[in-house]
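A short worksheet on the structure shown next.
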Amino acid sequence: MTATVSANVIITTACNRHCPSCCYQHLLASRPGHHREPADIVEEVRLLASVPQVCLLGGEPTLHPALHEVLAAVRQVRPSPSVVLVTNGARVCTLPRPTLSLVDRVWLTAFPGVPVEAIREYCPVPVDVHAADHEDFGGGPQPCDRLLTTVSVLDGRVYPCCVACGVADAQSAELRVGWETVIAEVPPPCAHCVFGRA
Ligand code: SF4
Ligand code: SF4
């Protein structure tokens, strides 16, 4: 059985960018601007106890109006270091530092114009920077190496790869005790995924 090392938990479908190669584009378009309930997010994180790392993302997670409440509650159910905030960077320097201190790391996608050094300086936690190289999307074997090593989570359901919860017609399993066994039987939605297009 493939070990799941990370889980992407969607906390909002709101985003302040419209990237043409967004791997969550179906979700963002079908449910625009939806901020999830903090209690539902925290319950999902609690059920992911077997996964070493939890990434909180969107959409753009810094747009969630209850971000501090969400992060504080997640911190209560996850040991450190295991909580990552994934962001496009546009709003990081507008957040209170105590809010950012509730996560262990920030993963920053460095779109053009994002003030990477200012964000590094402002953040009270380490910032990992990833280039936004959309030319790299598409093609490759299906399913790709993202299958099951990272799962994605939305609405009490777990999906078999890092982006599957945002892809049209994706199948999923209920996120409940024992989900780790059940998810291995769920096929990924590669045919509709930006990473899987030939
Ligand atoms: S910033 Fe991220 S979530 Fe938002 S549209 Fe771009 S790729 Fe998608
Ligand atoms: S749905 Fe996309 S990211 Fe997931 S395994 Fe298939 S090609 Fe990879």
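The values are calculated or read from the model by the stated rules, or taken from the named source; none is laboratory data. Being a predicted model, the structure only gives us computed values, none of them experimental. No Cβ is skipped: glycine too gets one built from the backbone with ideal geometry, and neighbour counts run over all protein chains shown. Ligands, DNA and RNA are excluded from the accessible area calculation, which covers all protein heavy atoms including side chains. Shrake-Rupley method; radii C 1.70, N 1.55, O 1.52, S 1.80 Å.
Points to keep in mind about this one:
- Farthest toward the positive end of the dipole of the chain, out of P96, G33, V194, is the Cα of P96, where the dipole comes from beta carbon charges about the Cα centre.
- The H on the amide N of L148, modeled in the peptide plane, is under 5 Å from the matching H of C161, C162, each at least 5 residues off or on a different chain.
- Rounded to the nearest 20 debye, the dipole size of the chain about its Cα centre is 260 debye, using +1 on the Cβ of Lys and Arg and -1 on the Cβ of Asp and Glu.
- Within-12-Å neighbourhood charge of L63 [Cβ basis; K, R +1; D, E -1]: +2
- Placing a label point 7 Å from the Cα of A29 along the Cα-to-Cβ direction, the residues of region 155-179 with a backbone N closer than 11 Å are 168.
- Per-residue ellipticity at 222 nm, computed for the chain from helices alone with -39500 (n - 2.57) per DSSP H run of at least four residues, works out to -5500 deg cm²/dmol.
- When you count the other C-beta atoms within 10 angstrom of each residue and take the mean per peptide, 93-100, 55-62 line up highest first as 55-62, 93-100.
- To put it simply, the accessible area of the chain at a 1.4 Å probe is 54 percent carbon and sulfur.
- With DNA, RNA and ligands ignored, accessible area of Y122 (1.4 Å probe; Å², nearest 10): 50 Å²
- Global geometry of the chain, whether rounded, prolate or oblate, following the gyration tensor of its Cα atoms and the 1.5 cut on a/c: oblate
- At full extension, A66 and R120 could sit 17.1 nm farther apart than now, given 0.36 nm per residue minus the alpha carbon distance.
- The chain - Cys residues lacking any other Cys C-beta under 4.7 Å: C15, C23, C55, C93, C123, C144, C161, C162, C165, C190, C193
- Under-5 Å amide H pairs with V129, H placed in peptide plane, nonlocal only: L108
- Computed with a 1.4 Å probe on the full set of protein chains, the accessible area for H26 sits at about 90 Å².
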